[in-house]
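Have a look at the structure below before the remarks.
The values are calculated or read from the model by the stated rules, or taken from the named source; none is laboratory data. The model shown is predicted, which means the values in this text are computed figures rather than measured ones. For neighbour counting, all protein chains shown are included, and Cβ atoms are generated from backbone atoms with ideal geometry for every residue, glycine included. Accessible surface is based on the protein model in full, side chains and every heavy atom, while ligands, DNA and RNA are left aside. Shrake-Rupley method; radii C 1.70, N 1.55, O 1.52, S 1.80 Å.
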Amino acid sequence: FKMCPGRVISKLLCSGEKEVDLAVQSAKAAFKIWSQMSGMERSRVLLEAARIIREQREEIATLETINNGKSIFEARVDIDISWQCLEYYAGLAGSLAGEHIQLPGGSFGYTRREPLGVCVGIGAWNYPFQIACWKAAPALACGNAMVFKPSPFTPISVVRLAEIFTEAGVPKGLFNVVQGGVATGQFLCHHPDVAKISFTGSVPTGIKIMEMAAKGIKPVTLELGGKSPLIIFSDCALENAVNGALMANFLTQGEVCCNGTRVFVERKILDVFTKEVVKRTQKIKVGDPLLEDTRMGALINRPHLDRVQGFIKQAKEQGAVVLCGGDLYVPDDPKLKNGYYMRPCVLGNCTDDMTCVKEEIFGPVMSILPFDTEEEVVERANNTKFGLAGGVFTRDIQKAHRVVAALKAGMCFINNYNVSPVELPFGGYKASGFGRENGRAAIEYYSQLKTVCVEMGDVESVF
């Protein structure tokens, strides 16, 4: 493998209406087999898939780096989270059950937890392999089949996941991959044999998917964008808070939906915090993502790089100050000269009404905002249409719990950031979407309850 930024790696045909129908029908046939297997039987297959991913970690991580542009260091973490997710739901598969309820006169009722059928997963380009596992693992554990459409910008690694599921022993067609953009997604959402849609991506696309799903009364899980607050109190452990701010802004070139890009810093420590963040940001090594010491690779494509640069330009026009970075970066290696690289950026002198503070940039751009009181910062933190995540750094644990309780966000962090164990539910409030991925909560979104009422005596008629 070699990094060749700006060059075509491979070409894939978009799946049209015919191909989408074939994928759905293939999944539908496999569902009949898979859904009748016991939870323990499904568990063994998922464990085998996890084993293969773990065994091929380096190869898949390299593929993902070329697919997305993130550093190989980060890609390995993504692959580890992926196999852990499969292991976690393999562990739950055998324990999925309903409950028995005793009723008067010896009668009783019980519930059955049943799969939905063919589920559609539509992934984003920032975590292609990991998102596919986050959606496939609970779906398959519950007995569903899945048709997955990756982003057209990152089509490659999910195909490898489909091969791994096949090698692990799932029925043929249980996990299908279709390729394409908007049209392919529309065919999936409108297909009458699709039971559920899970989407990760932008708010505008999420709205359209919800509208399409509504016509077929299909349940949806939406994991959308964010403009999350990271609150740094003066009583924090400063070095830890700086580390948290870097983790909250610069992973995967800043292309992370739950990033804490509005960094609110208590005025008492504004200068010392800002100075340290700038110093550390300037040391982040940008370049060839396949090199072991690279910590920031290339952005996904030229239009997105131009969009991020446009946000920085607008921020300066509105009065923000570029404290470091924000400019294009050209690596010394001539084969990387056409890459979509930029230096990570820290913006100071920011106010809540600036575009860079209100809108999701989805790039390596941190905005620092001062605050004075807890009440003030909570109100400002919640003054957004988004509600995906939020973070607090403080040594006062009572204050930490008090603030996260007040934040209108689905995923909150105390003295850390962007840590997403598969055991914990992940998802947002407000325009950031609804439904949950990961944890036991995801089981609710990939299964349905059937209630059975059993009468042990004679029916008492009112007629």
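What the table below lists for this structure:
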{"read-out": "Distance from the range 1-80 to the range 415-453 (C-alpha centre basis), Å", "value": "21"}
{"read-out": "Per residue accessible area in Å² of the range 2-224, where ligands, DNA and RNA are left out and the probe is 1.4 Å", "value": "41"}
{"read-out": "Inter-site label distance for E163 and D327 at 7 Å from Cα along Cβ, in nm", "value": "4.3"}
{"read-out": "Cα centroid separation - the range 299-373 against the range 116-141, whole Å", "value": "30"}
{"read-out": "Identified option (computed percent of Cα pairs over 45 Å apart; candidates (i) 4; (ii) 25; (iii) 15)", "value": "(iii)"}
{"read-out": "Carbon/sulfur fraction of accessible area - the range 229-414, other protein chains in place, 1.4 Å, %", "value": "50"}
{"read-out": "Candidate residues D396, D332, D353: accessible-area rank, largest first, probe 1.4 Å", "value": "D332, D353, D396"}
{"read-out": "Heavy-atom surface of the range 338-463, accessible at 1.4 Å and reported per residue (Å²)", "value": "49"}
{"read-out": "Surface accessible to a 1.4 Å probe, S38 within the full protein complex, Å²", "value": "50"}
{"read-out": "Cut-off under 5 Å, modelled amide H: who pairs with M342 long-range", "value": "L299, Y329"}
{"read-out": "Potential lengthening between E376 and D21 on full extension [0.36 nm per residue; Cα-Cα distance subtracted]", "value": "122.5 nm"}
{"read-out": "Efficiency of FRET from Cβ geometry, Q36 and E460, R₀ 35 Å, rounded to 0.05", "value": "0.40"}
{"read-out": "For the range 115-121, Karplus couplings with θ = phi - 60° (6.51, -1.76, 1.60), whole Hz, Gly/Pro x", "value": "x, 7, x, 8, 9, 9, x"}
{"read-out": "The range 2-224, accessible surface, carbon-and-sulfur percent (1.4 angstrom probe)", "value": "58"}
{"read-out": "Pairs beyond 28 Å (Cα-Cα), from K70/K283; K275/K430; K283/K399; K227/K275; K32/K450; K28/K408", "value": "K275/K430; K283/K399; K28/K408"}
{"read-out": "Cleavage-rule hits, trypsin sites (Lys or Arg not before Pro), the range 120-192, DSSP coil, Cβ neighbours within 10 Å at most 13", "value": "K172"}
{"read-out": "Helix-only [θ]222 nm of the chain, DSSP H runs n ≥ 4, -39500 (n - 2.57) each, per residue, nearest 500", "value": "-12500 deg cm²/dmol"}
{"read-out": "Sites K399 and K358, calculated FRET efficiency, Cβ-Cβ separation with R0 30 Å, nearest 0.05", "value": "0.70"}
{"read-out": "Net charge over other residues, Cβ less than 12 angstrom from the Cβ of T166 (K, R count +1; D, E count -1)", "value": "-1"}
{"read-out": "Point-to-point label distance, R57-A183, nm (Cα→Cβ direction, 7 Å offset)", "value": "4.2"}
{"read-out": "Beta bridge orientation in the range 2-224: antiparallel %, DSSP, nearest 5", "value": "15"}
{"read-out": "Protection proxy ranking of 173-179, 152-158 - average other beta-carbon atoms within 10 Å, highest first", "value": "173-179, 152-158"}
{"read-out": "Residue-by-residue Karplus 3J(HN,Hα) for the range 68-73, coefficients 6.51, -1.76, 1.60, Hz, glycine and proline x", "value": "10, x, 6, 5, 4, 4"}
{"read-out": "Within the range 33-47: backbone nitrogen closer than 13 Å to the K172 label point (7 Å, Cα to C-beta)", "value": "none"}
{"read-out": "Antiparallel bridges, percent of DSSP beta bridges restricted to the chain (to nearest 5)", "value": "35"}
{"read-out": "Contour excess over end-to-end distance, with Cα ends at K450 and D235 and 0.36 nm allotted per residue", "value": "72.3 nm"}
{"read-out": "Extension gain (nm, one decimal) between K385 and K335, 0.36 nm per residue minus Cα-Cα", "value": "13.8 nm"}
{"read-out": "Zone residues, the range 153-193, relative to C14, backbone N less than 14 Å from point 7 Å out along Cα-to-Cβ", "value": "153, 179-188"}
{"read-out": "I217-N301 FRET efficiency (beta carbon distance; Förster radius 41 Å; 0.05 resolution)", "value": "0.70"}
